[in-house]
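The values are calculated or read from the model by the stated rules, or taken from the named source; none is laboratory data. Predicted model, so just to flag it, every value in this text is computed and none were measured. With ideal geometry, Cβ positions are generated from the backbone for all residues, glycine too; neighbour counts draw on all protein chains shown. Note: accessible area is taken over every heavy atom of the protein model, side chains too, but ligands, DNA and RNA are not part of it. Shrake-Rupley method; radii C 1.70, N 1.55, O 1.52, S 1.80 Å.
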Amino acid sequence: MSDVILRVENLSKRFGGFTALQNVALHLTAGERLGLIGPNGSGKTTLINCISGALYNDDGTIVFEGADITRLPPHQRARLGIARSFQIPKPFRSMSVLENLRIPLEYAAWSRAEHRRITDEAMHVLETIGLKELAGKSSGDLTQVDMRKLELARALAAKPKVLVSDEAMAGLSGAEVDEIIEILLGLNRTGVAVIMIEHIMRAVMKFSERVAVLDAGQKIADGDPQSVIANPDVQRAYLGE
Amino acid sequence: MSKISPFWVSAAVVLAAGLAFTEIVENQYYFTAIYLILQGLIMAVAWNILGGFTGYVNFGSAAFFAVGAYTAIALDKALGLPLPLLIVAAAAICGLIGLGVGYLTLRLKGVYFAIATLAMAIVLETFITNWSYVGGARGAYILTPDKHLWFDSYSEMLFMLMLVLAVVSVAISRKLNFSRLGRGLAAIRDDEVAAECAGVPTLRLKLVSTTIMGAMMGVAGAPYPFFVTYVDPLSAFNLFVAVNAIAMPMIGGTAHWIGPVIGALLVGSMQEIVKVNISSELNILIVGVMLVLFISLAPQGIVGLVQKHFLKRKA
Ligand SMILES: Nc1ncnc2c1ncn2[C@@H]1O[C@H](COP(=O)(O)OP(=O)(O)OP(=O)(O)O)[C@@H](O)[C@H]1O
Ligand SMILES: [Mg+2]
């Protein structure tokens, strides 16, 4: 068994009277590829927000590399090595595409980056993602698809140990989806654990070693992809009643 | 030997020109007029660090100018410190208050933050109005020292002092603009959640921003009592001065360090011209109209217009 790098226990999150997540438990081993699926509004993004610190959970704990990070602010989690992309892109609009990557390189990854080669490192990430030609372009002027790629690029630039990709492939063509899967697989080969949130099942099945399913704020399945898909609860959740 | 940047060459030229100006020009009006423009410039640069670079638009920053002025009055009365020390003290005290106020208000966003800073300005004004040591509501008279170094008059010396302070302020703002810290502030302005998730310690950086803003505003205010020789809370917390500090960066452009400089020089000199040739009442109207025009037609200010034009030409 490899080491657990991230462990979520008993996590609950409420918005006013609405319970978005209830007693969710989830773990991730170092270097693992986890697919996280669930119908719209099931709480996937909320879970990621709690893991990255963008939102604080009401109950439960989050442990990263053996340390309790439940109350740690997001920037400290990013420095420890948790990076995420945003489902609704949040580019730094006043900056060029390249400058967008400077931020995580100069902050989240500062202890891991070569300070004199920040631009080279940023260019390298852009090349991987296929945004090199747009390096100098203002990030606010990108197309939706390129903005999603930028989200992923910016997360990669943080040199994470755990990367959470929140629907990075929405709106991409079939070939582009394959491209992103390749990028994530390549990243995973360097030892980075990846949580992939995706509605495109083909991508989930191709990428994931394990799949977890959320439905209405609860985890209803967690296991190897084939058996999870075959699970009657999961099929019911997806067919919707 | 490393190359000297055009910025420092320009700074040296400006300072040399200022010195020459004090030798050549006799008419004292010019020194007081330019003093006021430079005061506006320092305030604009200071406002822009929090309002422009960091994106925390606010109406309260100018209160730190008043606190700087009153710090100078109080310490001049209590200890009789020389002006340079008064400026340093004002910077320290206003920086600290900036830090404290930032800590209390920076959890707020947008309009709420702007209103909270306005409330803070009113609290500070009330405090000073009731502080009898510095004259309370009646105000305080300041005796300007007889000595003015080698300059022909005290106002010539103040003019030169203000020029030095302005150059230093602009240099700090420029340095910040191109630094790792400045990029962190820009990330906060663009999207605070994304900045945090990219590792930017947003609260700490915002506190640095309010501290620098406060200190710089205090520096702009410290020489003011010696310039006007009579200060009361109404003149120190002057609405017109506060509006200028916001209007100048907005008109010049807030994202780049040069924006508030351009805005201050343009708006400031226009106001002096209008004041002399027409009336000082018209001034506030003109700034108001310009501000509305720029916010609605060119929200990126003059710098933004130039950049756009330049990019179009290139494309
Ligand atoms: N900040 C918020 N305030 C109130 N309710 C929220 C907030 N964020 C999410 N929710 C609610 O919580 C539920 C879960 O939302 P979440 O975005 O986590 O779903 P999701 O699984 O990511 O869905 P999708 O597949 O559409 O992205 C939804 O009902 C949503 O309306
Ligand atoms: Mg979502």
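At-a-glance table
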quantity: Condition met for A:SER2 (among the hydroxyl-bearing types (Ser, Thr, Tyr), touching a strand residue (DSSP E or B) at 6+ places or on another chain (Cβ under 7 Å) and modelled with pLDDT under 95); calculated: yes
quantity: Number of the condition not met by A:LEU55 [criteria: (1) crowded, with 23+ Cβ neighbours inside 10 Å; (2) within 16 Å of ligand 2 (Cβ to nearest atom)]; calculated: (1)
quantity: Helices (runs of 4 or more DSSP H) completely within segment B:1-100 that count 1 or more residues being open to solvent by 70 Å² or more (accessible area, probe 1.4 Å) and closer than 24 Å to B:ASN177 by Cβ; calculated: B:6-24
quantity: Those residues of segment A:42-57 which are more than 10 Å from ligand 1 (Cβ to nearest atom) and not in a loop (DSSP other than H, G, I, E, B), in sequence order; calculated: A:ILE51, A:SER52
quantity: Residue selected from segment A:62-100 under the condition under 17 Å from A:VAL8 (Cβ atoms) and of a type in the set (Lys, Arg), by the criterion most open to solvent (accessible area, probe 1.4 Å); calculated: A:ARG71
quantity: Those residues of segment B:164-185 which are more than 29 Å from B:LEU83 (Cβ to Cβ) and surrounded by 24 or more Cβ atoms within 10 Å (Cβ to Cβ), in sequence order; calculated: B:GLY184, B:LEU185
quantity: Some residue of segment A:23-32 being away from every other protein chain (no Cβ under 14 Å), open to solvent by 50 Å² or more (accessible area, probe 1.4 Å), within 30 Å of A:LEU131 (Cα to Cα) and away from ligand 1 (no atom under 14 Å from the Cβ); calculated: yes
quantity: Top-ranked residue of segment B:190-207 - restricted to ones that are more than 7 Å from chain A (Cβ to nearest Cβ) and out of contact with any helix residue (DSSP H, G or I) (no Cβ under 7 Å at 6 or more places or on another chain), ranked as surrounded by the fewest Cβ atoms within 10 Å (Cβ to Cβ); calculated: B:ARG204
quantity: Filtered residues of segment B:177-189 (kept if small (Gly, Ala, Ser), more than 7 Å from every other protein chain (Cβ to nearest Cβ) and touching a residue at least 24 places away in the same chain (Cβ under 8 Å)); calculated: B:GLY182
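The rows are residues; the columns are (1) within 16 Å of ligand 2 (Cβ to nearest atom); (2) farther than 25 Å from A:VAL213 by Cβ.
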| position | (1), (2) |
| --- | --- |
| A:ARG7 | no, no |
| A:ASN10 | no, no |
| A:ASN23 | no, no |
| A:LEU36 | yes, no |
| A:ILE51 | yes, no |
| A:ALA67 | no, yes |
| A:LEU80 | no, yes |
| A:SER94 | no, yes |
| A:LEU105 | no, yes |
